[in-house]
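Written out below as structure tokens is the structure these notes cover.
The values are calculated or read from the model by the stated rules, or taken from the named source; none is laboratory data. Note that the structure is a prediction, hence the values are computed from the model and not measured. Every residue, glycine among them, receives a Cβ derived from its backbone with ideal geometry; neighbour counts consider all protein chains shown.
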Amino acid sequence: MSTNKERRRPRRIDPVDNLAILVPLKSFEKAKGRLRDGGVSGVADLARSLAEQVLAAGQPRCVFVASESRDVTDFARQRGAEVIESKATNLNEAVSNSYQVLSRRFNRIIIAHGDLREPLGLGQFEPLPGITIITDSHRSGTNILALPGGLDFTFSFGPDSANAHHHEARRLGVEVRMNFDSPWRFDVDEPEDLL
């Protein structure tokens, strides 16, 4: 007669359950240069408030912050996020390094910008298999990128990143979906985004 222990099979890990959210954040004192250039006051406080909302919205998932700034890493830890300290010189390098670290622990990674205006529901997001690109409201930037771990993926955040990420997914032969109408398409980069 077999025991319960003998009959028990290892639990299959569903890629959606085994998922982390990565929020790359630069120093709040340096963030949002276009807002500063546009004469917006209190930019550091605004960047901090937006990031706080994104981190809270990512729960109950495992939320990680990649940053080079001690103030940001302390801020993230105080809000329950784990920290991947970065020595990267730019966003794509920081994301790439963090993605490699997280790929050792998670089957899927969601990269979400810390300046989403309406991040609610991020922690419940269940991306379909393959790669999902949620564009910004201009349909050119990438506000959220959901992808399997372990890919040799080249990140291209910046101008026309949605198109670049779409091409990268195709290069790797991974199914890709573009979402242009998500509530997460609204971010805060320019002074008019505050209206």
Please state which of the following conditions Val43 fails to meet, knowing it meets all the rest: (1) over 16 Å from the mean Cα position of the chain (by Cα); (2) modelled with pLDDT of 95 or more; (3) among the hydrophobic types (A, V, I, L, M, F, W, C).
(2)
Output the residue which, of all residues in region 26-47 that are among the hydrophobic types (A, V, I, L, M, F, W, C) and part of a helix (DSSP H, G or I), is surrounded by the most Cβ atoms within 10 Å (Cβ to Cβ).
Ala47
Please go through (1) surrounded by fewer than 17 Cβ atoms within 10 Å (Cβ to Cβ); (2) closer than 21 Å to Glu68 by Cβ for Phe186 and return the number of the only condition it doesn't satisfy.
(2)
Among the residues of region 159-171, are any more than 25 Å from Ala31 (Cβ to Cβ), touching a helix residue (DSSP H, G or I) at 6+ places or on another chain (Cβ under 8 Å) and not in a strand (DSSP E or B)?
no
So which of Thr142, Thr135 is under 18 Å from Leu22 (Cα atoms) and either in contact with a Gly (Cβ under 8 Å, 6 or more places away or on another chain) or touching a residue at least 60 places away in the same chain (Cβ under 8 Å) (or both)?
Thr135
Test for Val95: is it at pLDDT 95 or above and surrounded by fewer than 24 Cβ atoms within 10 Å (Cβ to Cβ)
yes
Verdict on Glu175 being at pLDDT 95 or above and touching a Gly at 6+ places or on another chain (Cβ under 7 Å)
yes
With the checklist (1) of a type outside the set (Gly, Ala, Ser); (2) modelled with pLDDT under 95; (3) part of a helix (DSSP H, G or I) in hand, flag the one item Glu52 doesn't pass.
(2)
Kindly indicate whether any position in region 112-124 is touching a Pro at 6+ places or on another chain (Cβ under 6 Å) and in contact (Cβ under 8 Å) with a residue 24 or more places away in the chain.
yes
Output for region 77-95, where each listed residue is among the small types (Gly, Ala, Ser) and not in a helix (DSSP H, G or I)
Gly80, Ala81, Ser86, Ala88
